Each structure stands twice: as structure tokens, then as C-alpha cells.
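Below: the structure, in C-alpha cells.
The values are calculated or read from the model by the stated rules, or taken from the named source; none is laboratory data. Owing to the predicted nature of the structure, the values given are computational and were not obtained by experimental measurement. Here Cβ is always computed from backbone atoms with ideal geometry, including for glycine, and neighbour counts include all displayed protein chains.
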Amino acid sequence: MASTTPRVPIPANGVDYRGKIVLAPMVRSGELPSRLIALKYGADLVWGPETIDQAIMGAERRVNPRNNTIEFTRVSSNGGRPDMPKKENVIYRLDPAREKGKLIFQMGTARPDYAVRAAKMVAADVAGIDVNSGCPKPFSTSGGMGAALLRTPDKLVSILESLVQEVGIPYQIGISVKIRLLETPEMTESLVKRLVATGITGLTIHCRTTPMRPRERAIRDQLKMIVGVCHDAGVACVMNGDVTSRDQALALMEEYGADGAMIATAAEANSSCFRSAAEGGLLPWRDVVEAYMEEAIRAENRYGNTKFLLNMMIQSKDNSSKQAKQAKNYLDVCRLLQFDHLIPAAKEVDKILGLADRPTISSEDGTQPSAVQKAKENNESARAAAGGSTHLKKQPPTRESPGPIRTNSRASIPNSTSQTEGDTTDEITASASIPQQSPAVAV
Ligand SMILES: Cc1cc2nc3c(=O)[nH]c(=O)nc-3n(C[C@H](O)[C@H](O)[C@H](O)COP(=O)(O)O)c2cc1C
């Protein structure tokens, strides 16, 4: 007998989440170079970092002629300071060739009309639009976005229905949502039942409740129920939370009946986790960093963001690695890590991004960085003078404030995106403004 299981049709320009192991949306960590290496290592689909509706609504779309990426840009007012020159920010960047049919744009929103306007900006360039309904940070929830939407199901339903009708259908792309668990299975079930009736093609369940911290283990006891509700409505269900490799993802999908699995933190550290054991499994960090650097240079990725990722990815504590994490431009990183073939392109991108004049900590041959040597000598002298051990000054934490591309106040968004490609500060920030005071990531 033929199966009567319903299936929400997958639109012509959309993508079916079934059978897919995907890269999670990650502010800061999910910019273009990270997505491209995730795809290189076998991710089936990639979610972009959450981008706030108002940030993308007023952006300008253009093609970067040097690398053929599509950039959505805005001019910042530099906090309204008339003495400072205006800067252009790249709010979102995608690769139309290599991400074709594989990129899901994730949005932070609390208004159906804004959601639709923002989605229309990117709809022709992506395979799907996803609504973030799981970020628990106050700067998200206070604007009614992220996890706050879990408490305002009428609003969330109306956002999804508007997106399906006004963007999904005309542009023929899928609309989906990413949620967290509610306190009880009954509450989760009744929410999921409403969401899957909106016309969405996929639902991702992050198997943690809103108050849970990222380090707390994912809870999977509601997962089969959620999968069942999705399947009854013909919607694909993607599981997320403590999935760490392709093989484990496939085993978990089998165990819980989920259609797909999403990987965040494991991929942030080493995206070769998308390779199966049969394909060789996890690669050494150096290989992955080299691949990442190649893409970051090609994409003209904002250096502060690249530096943030290097801090996640470099696993060695040797001197050159430590210095590479502190480097101020692409050239230094390539010299220190001896990625010699990337040096000419690194020089070029440093010029484009305005990083070429930064003080260098590497030497031409890359083998004995003079400043590193000097620092070592100073440290030796200090140690000798102190008659014992001295420690290098502790570096500030590098993960203090990842958060979505957003501003503190929705009303101020058009003027408040901040960092630019050529930004000469050493701050490690996402491609638009992020409240620096926000603590660890828990979106
Ligand atoms: C650096 C970072 C940034 C994140 N940004 C987002 C985001 O923009 N949107 C979102 O829905 N979730 C975001 N998350 C949450 C992840 O997508 C994922 O749900 C969570 O990390 C659990 O997956 P994991 O256990 O594989 O890490 C972020 C997580 C991290 C670590």
C-alpha cells in the first residue's frame, strides 16, 4: 500500500532538509569562510549567522568583482559622531556559486512585516529562510525576538505564515524555524503543532530549554515526540544539540527518527567533523586552519572575525601558533603558520582591508619572527631577573561576546551597525554591531 505520509512540497528553488547533516547558524562563527570549509568537508547545507531583519532591510546588494561574492552592505554613522568618517559595513556575504542551493539565511525578527521585507532582500540568493526562535539572550528577547517568540506563539505563527505566503511561495524557497524545548513535553508539542501548520518545510529543534547553558548536555527525551508531530504534518525535523560528527549524526537520526542533524560547536572548532570516518574523519587542526585561511583571504573576510575563528581553531600552544592568534593581519598569520602559498594573496587582502600598515610580528622568512624572538628574550631576561618563573601576560578572553548581528534598540538599527572590513581596531566582533557586554554564547 502506498504511504499516506503527508509532505509539505519542497519549492522549486528550495531544499529538502531530509537526510542532511548541516552547519548550524552561528553568529561570528558562521560567516562565509566557515560555511565554505564546512561545505568542503561535507556539510550538506549551511545556515548563515542570525541577521536582524532591520539590519538587512536597509542594506545594498552588490557583487564584489574580485571574488564574485554577493555582499549586503550598509553605511554606518559611527554612532552619530560627525567627526568620524562614515564606514561601509558588510552585513552579510554569500557565495552564489559555491553556496547555491545550500545556504539558509537565518533571521532575527519579531514582526511579520519586517520579516517579509528582510527576507525579500535575500530571497533570490538563498535556498531558504529560517526564523531564529531560540536565542535566549536579553538583547534578543527584550526585542521580542529569539526565544521570546516561544512565549508569543501567535506572533511566531504570524511571522512564519507571512514568510510562507509573501516570500516562500513567490520566490519558491523554503521557510523554516529553529526552536528550543519548552519546559514540558505538552507545551513543546502544542507549540510544534501550531508551527508545522504554517506551511514551513522544516523545523530544527535545539534540544535544550531556554535557560540551559551551552555546556549543559542536550536533552533528547522529547525528540521522538517532536519528530512525530513534524512528520504528521509533512515537515522535516532537524535535531540539534551535542551532535559532534557525521557518523554520530547519522546514528542519532536513526535512533530518534529525525530527518537531519545540525552541528554547531564541534564544527566551529574543526569543520572536518562533517567527514565520515570512512572518508578519514577529523583532520588535524592545521589542515583545517589552512583551508579556512584560504577562504577567509579570498572572501576578504573582516579580519576581526577571522581572528576570532583562529582562536577557536588553532589547537597548538607552540609559540608561532600563539603569535598567529595575536596577529594583526593576514600576512602575519600566513607567515607565522608557514602557509607560504597564501602569502601573495594575504598581502593583497591586507591592502584591500586596510591592514597592511599594521605593525608586524613576523619576519619575511616566517621562520624566526623578530618580535616573537624579542618577546622571548624579554621574557627570559625577566625570568632571570625575577630569579624564577614569569608568565606572559594573560590574554583577554576571546569569546566574551558573540551575539547576533543586532543593536541594543530596534529603533536605532539603521544607524548602529558598526564594524567594517577595514576596521583597524583589534576587537573580535561580528560583521555588525554586537553588545560587547554580552557574556557567553547561548543562542
Ligand atoms: C558562536 C555561536 C553562535 C551562535 N549563533 C546562533 C545563531 O545565530 N542562531 C541560532 O539559532 N543559534 C545560534 N547558536 C546556537 C547553535 O546554532 C546551536 O543551536 C547550539 O550551539 C547547540 O548546538 P551544539 O550543541 O552543536 O553546539 C550559536 C552557537 C554558537 C556556539
If you take the residues in the range 255-280 that are over 20 Å from residue 226 (Cα atoms) and among the charged types (D, E, K, R), which one is farthest from the ligand (Cβ to nearest atom)?
-> 279
Members of the range 12-57 that are farther than 18 Å from residue 206 by Cα, among the hydroxyl-bearing types (Ser, Thr, Tyr), out of contact with any strand residue (DSSP E or B) (no Cβ under 6 Å at 6 or more places or on another chain) and buried (at least 24 other Cβ atoms within 10 Å of the Cβ) = 34
Reported set for the range 82-122 where residues are part of a strand (DSSP E or B) and closer than 16 Å to residue 35 by Cα is 91, 92, 93, 94, 103, 104, 105, 106
Is there a residue being free of Cβ contacts under 8 Å to residues at least 60 places away in the same chain and surrounded by fewer than 24 Cβ atoms within 10 Å (Cβ to Cβ) anywhere in the range 299-313?
-> yes
Is it the case that residue 25 is more than 10 Å from the chain's Cα centre (by Cα), of a type outside the set (Ser, Thr, Tyr) and outside the structural domain of residue 303 (by TED's automatic domain parsing)?
-> no
The number of residues in the range 137-192 that are assigned to a loop (DSSP other than H, G, I, E, B), over 28 Å from residue 125 (Cα atoms) and within 16 Å of the ligand (Cβ to nearest atom) is 2
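Rundown of residues vs (1) of a type in the set (Ser, Thr, Tyr); (2) touching a Lys or Arg at 6+ places or on another chain (Cβ under 9 Å), yes/no style:
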position: 19; (1), (2): no, no
position: 51; (1), (2): yes, yes
position: 58; (1), (2): no, yes
position: 72; (1), (2): no, yes
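Looking only at the range 124-142, count how many residues are within 21 Å of residue 191 (Cα to Cα) and among the small types (Gly, Ala, Ser). Outline the logic, then answer.
We begin by selecting, within the range 124-142, every residue within 21 Å of residue 191 (Cα to Cα); these are 129-137, 140-142.
Now narrow it down to the ones that are among the small types (Gly, Ala, Ser): 133-134, 140, 142.
Adding up the residues that qualify gives 4.
Does residue 252 meet the test of being in a helix (DSSP H, G or I), of a type in the set (A, V, I, L, M) and within 14 Å of the ligand (Cβ to nearest atom)?
Numbers: in a helix (DSSP H, G or I): yes; of a type in the set (A, V, I, L, M): yes; within 14 Å of the ligand (Cβ to nearest atom): yes.
Here the answer is yes, as residue 252 does meet what is asked.
Just checking, does the range 201-222 include any residue being assigned to a helix (DSSP H, G or I), more than 16 Å from the ligand (Cβ to nearest atom) and touching a residue at least 40 places away in the same chain (Cβ under 8 Å)? I'd like the intermediate steps shown before the answer.
The initial filter retains those residues of the range 201-222 that are assigned to a helix (DSSP H, G or I), namely none.
Within the range 201-222, none of the residues are assigned to a helix (DSSP H, G or I), more than 16 Å from the ligand (Cβ to nearest atom) and touching a residue at least 40 places away in the same chain (Cβ under 8 Å).
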Residue ID - nearest to the chain's Cα centre (by Cα), chosen from residues in the range 232-249 that are within 13 Å of the ligand (Cβ to nearest atom) and in a strand (DSSP E or B) = 240
Can you name every residue in the range 244-288 that is in contact (Cβ under 8 Å) with a residue 60 or more places away in the chain and polar (S, T, N, Q)?
-> 271, 272, 276
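Report yes if residue 10 is within 23 Å of residue 177 (Cα to Cα) and either without any contact (Cβ under 8 Å) to a residue 24 or more places away in the chain or within 15 Å of the ligand (Cβ to nearest atom) (or both), otherwise no.
It is false that residue 10 is within 23 Å of residue 177 (Cα to Cα) and either without any contact (Cβ under 8 Å) to a residue 24 or more places away in the chain or within 15 Å of the ligand (Cβ to nearest atom) (or both).
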All conditions in (1) more than 21 Å from residue 47 (Cα to Cα); (2) over 21 Å from the mean Cα position of the chain (by Cα) are true of residue 216 except (2)
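Mind listing just one residue for me: the one in the range 99-130 that is in contact with a Gly (Cβ under 7 Å, 6 or more places away or on another chain) and more than 17 Å from residue 13 (Cβ to Cβ) and, of those, surrounded by the most Cβ atoms within 10 Å (Cβ to Cβ)? Quick ask: steps written out before the conclusion?
In the first step, residues of the range 99-130 are kept if they are in contact with a Gly (Cβ under 7 Å, 6 or more places away or on another chain); the result is 103-106, 108, 110, 127-128.
Within this subset, residues satisfying the condition of being more than 17 Å from residue 13 (Cβ to Cβ) are 106, 108, 110.
On the way: 106: 25, 108: 31, 110: 22.
Among them, the one singled out is 108.
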Within 16 Å of the ligand (Cβ to nearest atom), closer than 26 Å to residue 36 by Cβ and of a type outside the set (A, V, I, L, M), is that true of residue 133?
-> no
Between residues in the range 23-38 that are near the ligand (Cβ under 6 Å from one of its atoms) and residues that are of a type in the set (S, T, N, Q), which pairs lie under 8 Å by C-beta distance while being six or more apart or on different chains?
-> 24/240; 25/106; 25/132; 26/34; 28/305; 28/429
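Can you say whether residue 46 is under 21 Å from the mean Cα position of the chain (by Cα) and among the β-branched types (Val, Ile, Thr), as far as the supplied structure shows? Show your work before the answer.
Details: under 21 Å from the mean Cα position of the chain (by Cα): yes; among the β-branched types (Val, Ile, Thr): yes.
Here the answer is yes, as residue 46 does meet what is asked.
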